[in-house]
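Trainee: I have a structure here, written as structure tokens, and I will follow up with some questions on it.
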Amino acid sequence: MKLFKYLFLAFFLSSSTAFAQPVVDEIVAVVGNEFVLRSELEVQMLQLQQANPEKSADAVCWLLDQHLQKKMLLSRAKTDSLKVTEEQVEGELDRRIQYFISQIGSEEALEDYYKKSITDMKSDFREQVREQLLIEQQQQKVIGNVDVTPKDIQEFYEKIPADSLPYYSTEMEIGQIVVYPKVSKAERQKTIELLRKTRKEILKGANFSTKAIIMSEDKGSAINGGDLGWQRADMYVPEFAAAALSLMKDSISDVVETKYGFHILQLLGRKGDLIHVRHILKKPQINEEAYVETKQLMDSIRSLIVSDSMTFETAAYTFSKDEETKNRGGIITDPKTNASRIPVEELDQTMFFAVDKLKVGEISQPMPFKTADGSDAFRILYLKSKTLPHKANLKDDYPKLKVIVTEYKKALKLDSWIKKNIPTMYVHIDDAYNNCTSLSHWGKGQQFIVGQSK
């Protein structure tokens, strides 16, 4: 839980240990009109030491350099009159609070652990989040769009010493065809009537949150009484967003159907493009006959592929109901790199065990599984390729190298901007950090001062 606490503080970029005992703080560096507090460094050092107890003492120098860069970006953002809206700040606060609620279990658990209400936590961190959004805005303005060519990637790769090349574990390229059992008309109507009954009970005085906790099948929000927090309306599927935007504050919708099932929802607030809603989700039950029919369909699709009557890619495009993969011929991609080859350690266990015994080019038998949203479905999996553990090379690892080169070029562009702007700003660093050689570039400006004032 200690690490959780430090992660929480660092995640919110706290300028003081808001949940720790009060300490005497001091300014250790100044850039323009912005300053770095000792507590900012201490919070992140605690986080680093928890993650890696043997972390070198030089880490504090690196951390101070990072803070100096952020303060320079913040100072310039304010000088350039960049703005963030209250809706943006509120939305980011909600997103972060929801993340930590998901980690600790519930809103009540988070409030109990820190002895503060969610409202008070937001108040504590509102200004820090506002500043971070300004920093991100200014950084994007500085970096802009970074183009990476095949020549850039090849040159970067050729400059890496052979003994320094990244080492990649076994990776697989996997395709899938997903089909959902059809819900009968009787089950659809049964679910709709249940939600209509629930809506009437709430309108007569029953508690929406209690109903959501008891019956909603969206487990992520059910623990919070169905509360989804503040989100942009376009983050939801169109049917859900349209229903929410049509409501008056505190009113409850009729039954709404989406690809996830059936909902009733209540609008708790609206600020521009942001909406605050809670909902109850119910999914119609699928009878045994639907499972049997779907299994038979999947067997037929597999037979078409095995007999070479249809390629896997064509079958995926024709039959798969998974919108994320069907237009890529069923190929699953790594969300971090968008690469089609995925390290085996990042595959969920069910998928790994299903393809581990397949030879390249083979497809699995149809198998039932639960989708990310908890829906019942069947899928067949296709092992398109498999690479053994290896050092990075251009043929197998081009997408990964492209990500590395893109981030490298962004870092170079930001570093160039920082060095160019150091002479234009007042910079002061406490003499306690005189031994930090990694901060030497901050001394190139005539207004740089160490340990004293001009």
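The values are calculated or read from the model by the stated rules, or taken from the named source; none is laboratory data. These figures come from a predicted structure and were not determined experimentally. Positions of Cβ are generated from backbone atoms using ideal geometry, with glycine treated the same way; all protein chains shown enter the neighbour counts.
Trainee: If VAL146 satisfies all but one of (1) in contact with a helix residue (DSSP H, G or I) (Cβ under 8 Å, 6 or more places away or on another chain); (2) surrounded by fewer than 19 Cβ atoms within 10 Å (Cβ to Cβ); (3) part of a helix (DSSP H, G or I), what's the number of the condition it fails?
Mentor: (3)
Trainee: Moving to a separate point now. The conditions are (1) over 23 Å from the mean Cα position of the chain (by Cα); (2) modelled with pLDDT under 90, and THR314 fails exactly one of them. Which is it?
Mentor: Going through the list (1) over 23 Å from the mean Cα position of the chain (by Cα); (2) modelled with pLDDT under 90, THR314 breaks only (2).
Trainee: Report whether or not THR119 is of a type in the set (Ser, Thr, Tyr) and more than 23 Å from LEU228 (Cα to Cα).
Mentor: It is false that THR119 is of a type in the set (Ser, Thr, Tyr) and more than 23 Å from LEU228 (Cα to Cα).
Trainee: Return the only residue of LEU165, LEU203, LEU195, LEU265 being in contact (Cβ under 8 Å) with a residue 40 or more places away in the chain and either within 30 Å of VAL403 (Cβ to Cβ) or touching a His at 6+ places or on another chain (Cβ under 6 Å) (or both).
Mentor: Checking each option against the conditions leaves just LEU165.
Trainee: Mind telling me which of the residues ASP234, ASP227, ASP322, ASP254 ends up being surrounded by fewer than 17 Cβ atoms within 10 Å (Cβ to Cβ) and either among the aromatic types (Phe, Trp, Tyr) or at pLDDT below 95 (or both)?
Mentor: Every option except ASP234 fails the conditions.
Trainee: Still on this structure, I have one more. Please identify the pairs in which a residue from region 410-424 that is within 14 Å of ARG76 (Cβ to Cβ) has its Cβ atom under 8 Å from the Cβ atom of a residue that is polar (S, T, N, Q), counting only partners at least 6 apart or on another chain.
Mentor: Filtered contacts from region 410-424: LEU414/GLN69; LEU414/GLN139; ILE418/GLN69; PRO423/GLN446; PRO423/GLN447.
Trainee: Considering only residues that are among the aliphatic types (A, V, I, L, M) and farther than 17 Å from PHE369 by Cβ, which ones fall in region 289-305?
Mentor: Correct list: LEU304, ILE305.
Trainee: Mind counting the residues in region 100-138 that are touching a residue at least 60 places away in the same chain (Cβ under 8 Å) and hydroxyl-bearing (Ser, Thr, Tyr)?
Mentor: Looking only at that region, the number is 4.
Trainee: Looking at SER440, SER453, SER416, which is the one that is surrounded by fewer than 14 Cβ atoms within 10 Å (Cβ to Cβ), under 30 Å from ASP163 (Cβ atoms), among the polar types (S, T, N, Q) and at pLDDT below 90?
Mentor: Unique residue meeting the criteria: SER440.
So that you can scan it fast, the table gives a plain yes or no per residue for (1) at pLDDT 70 or above; (2) crowded, with 20+ Cβ neighbours inside 10 Å; (3) in a strand (DSSP E or B); (4) under 28 Å from the mean Cα position of the chain (by Cα):
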| site | (1), (2), (3), (4) |
| --- | --- |
| PHE4 | no, no, no, yes |
| LEU7 | no, no, no, yes |
| GLN21 | no, no, no, no |
| ASP25 | yes, no, no, no |
| VAL43 | yes, yes, no, yes |
| LEU48 | yes, no, no, yes |
| GLU54 | no, no, no, no |
| ARG76 | yes, yes, no, yes |
| LYS83 | yes, no, no, yes |
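Trainee: Among the residues of region 235-276, write down those that are more than 22 Å from the chain's Cα centre (by Cα), in a helix (DSSP H, G or I) and among the aliphatic types (A, V, I, L, M).
Mentor: ALA242, ALA243, ALA244, LEU245, listed by residue number.
Trainee: Would you check which residues across region 371-384 are touching a helix residue (DSSP H, G or I) at 6+ places or on another chain (Cβ under 9 Å) and not hydroxyl-bearing (Ser, Thr, Tyr) and list them?
Mentor: Selection gives GLY374, ASP376, ALA377, PHE378, ARG379, ILE380, LEU381, LEU383, LYS384.
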